[in-house]
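In what follows, a single structure is set out as structure tokens and then discussed.
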2 protein chains.
Amino acid sequence: MSFELHPQLAADTHRVSETDDCLLLVMNDRQYPWFIVVPKVEATTEWHHLDPDQQTRVHGFCVSVGQAIQSVFGSRKINTAALGNIVSQLHIHVIGRTPDDPAWPGPVWGAQPPLPLSDADVETRTLMMKQYLGADNH
Amino acid sequence: MSFELHPQLAADTHRVSETDDCLLLVMNDRQYPWFIVVPKVEATTEWHHLDPDQQTRVHGFCVSVGQAIQSVFGSRKINTAALGNIVSQLHIHVIGRTPDDPAWPGPVWGAQPPLPLSDADVETRTLMMKQYLGADNH
């Protein structure tokens, strides 16, 4: 068996880029800069299912994504979360938050119906993040 | 200046244990096994404010706490999240979730008013977690 992205995550996102260990996706919601990191390891639902080196690499990538979001979008605060109560495949939300976003200061999940990204939004968010994250992303 | 726990975090929790890098607290809410890891680094609000070695150690401790919660409390899913929109001092929630908890499958923040732990609950949760996490915790 090999890694496959859960169909619900595929339906809710667009693909931004990929490292050796992770997929980077952007949530199809223009209300927040909302990205999702998915470790490319099959049958993984918890952080402790990854070995310690994978944990370090995947978490390091999530931290880089958060730093990129704060630089690119000027977010006040980064929210980083692995929840997975509905889609159990391990995936980490990395979201830029500002006091004028519609869920502030509460969490984003379930707060507002999503407002889809336009094709131009997807292209812009993808380009900005790839540029900031550098050559390891393809 | 030195590290000081934010007064709101102190008010909402009890102290469980401490490592060289982190405080482990238990949220004063008996509806979930809900723990909070606070890196003992002053003026830190984002993961990327820690240096890479600190990130690895602190995240590794959060993963151990999640694994301990799943073993001790039999949780179906671990939720791990650094939010900090209200209390910006970096703190990581590590929460055991089950389908019969009052917020399932939504996130816990703001879902239900907290139901305080009894003194006996605090003692039991502290002892169980310290026993599982081992000798590095004091």
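Each row is one residue, and each column tells you yes or no for (1) closer than 28 Å to B:G66 by Cα; (2) touching a helix residue (DSSP H, G or I) at 6+ places or on another chain (Cβ under 8 Å); (3) at the interface with chain B (Cβ under 7 Å from one of its Cβ atoms); (4) modelled with pLDDT of 95 or more.
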| site | (1), (2), (3), (4) |
| --- | --- |
| A:V63 | yes, yes, yes, yes |
| A:I78 | yes, yes, yes, yes |
| A:G84 | yes, no, yes, yes |
| A:I92 | yes, yes, no, yes |
| A:P99 | no, no, no, yes |
| A:G106 | yes, no, yes, yes |
| A:W109 | yes, no, yes, yes |
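Which of the residues that make up the stretch B:1-46 are open to solvent by 20 Å² or more (accessible area, probe 1.4 Å), under 26 Å from A:V65 (Cβ atoms) and either touching a Cys at 6+ places or on another chain (Cβ under 8 Å) or polar (S, T, N, Q) (or both)?
B:K40, B:T45 - these are the residues of the stretch B:1-46 that are open to solvent by 20 Å² or more (accessible area, probe 1.4 Å), under 26 Å from A:V65 (Cβ atoms) and either touching a Cys at 6+ places or on another chain (Cβ under 8 Å) or polar (S, T, N, Q) (or both).
(1) at pLDDT below 95; (2) within 14 Å of another protein chain (Cβ to nearest Cβ): which one isn't true of A:E42, the others all being true?
All conditions pass for A:E42, except number (2).
Looking at the stretch B:64-76, which of its residues are open to solvent by less than 10 Å² (accessible area, probe 1.4 Å) and among the hydrophobic types (A, V, I, L, M, F, W, C)?
Of everything in the stretch B:64-76, those that are open to solvent by less than 10 Å² (accessible area, probe 1.4 Å) and among the hydrophobic types (A, V, I, L, M, F, W, C) turn out to be B:V65, B:A68, B:I69.
Out of (1) more than 23 Å from A:R97 (Cα to Cα); (2) open to solvent by 40 Å² or more (accessible area, probe 1.4 Å); (3) not basic (K, R), what's the single condition that is false for B:H49?
So the condition that B:H49 fails would be (1).
Across the stretch A:77-114, what is the total count of residues that are open to solvent by 70 Å² or more (accessible area, probe 1.4 Å) and either more than 17 Å from the chain's Cα centre (by Cα) or β-branched (V, I, T) (or both)? Before the answer, list the steps.
As a first pass, look at the stretch A:77-114 and keep what is open to solvent by 70 Å² or more (accessible area, probe 1.4 Å): A:86, A:100, A:110, A:112-114.
Now restrict to residues that are either more than 17 Å from the chain's Cα centre (by Cα) or β-branched (V, I, T) (or both): A:86, A:100, A:112-113.
Summing the residues that are open to solvent by 70 Å² or more (accessible area, probe 1.4 Å) and either more than 17 Å from the chain's Cα centre (by Cα) or β-branched (V, I, T) (or both) in the stretch A:77-114 gives 4.
The values are calculated or read from the model by the stated rules, or taken from the named source; none is laboratory data. Just so we're clear, the structure is a prediction, and the values are computed from it rather than from any experiment. All Cβ positions, glycine included, derive from the backbone under ideal geometry; neighbour counts span all protein chains shown. The protein model used for the area step is the full one, side chains on, heavy atoms only, and it has no ligands, DNA or RNA in it. Shrake-Rupley method; radii C 1.70, N 1.55, O 1.52, S 1.80 Å.
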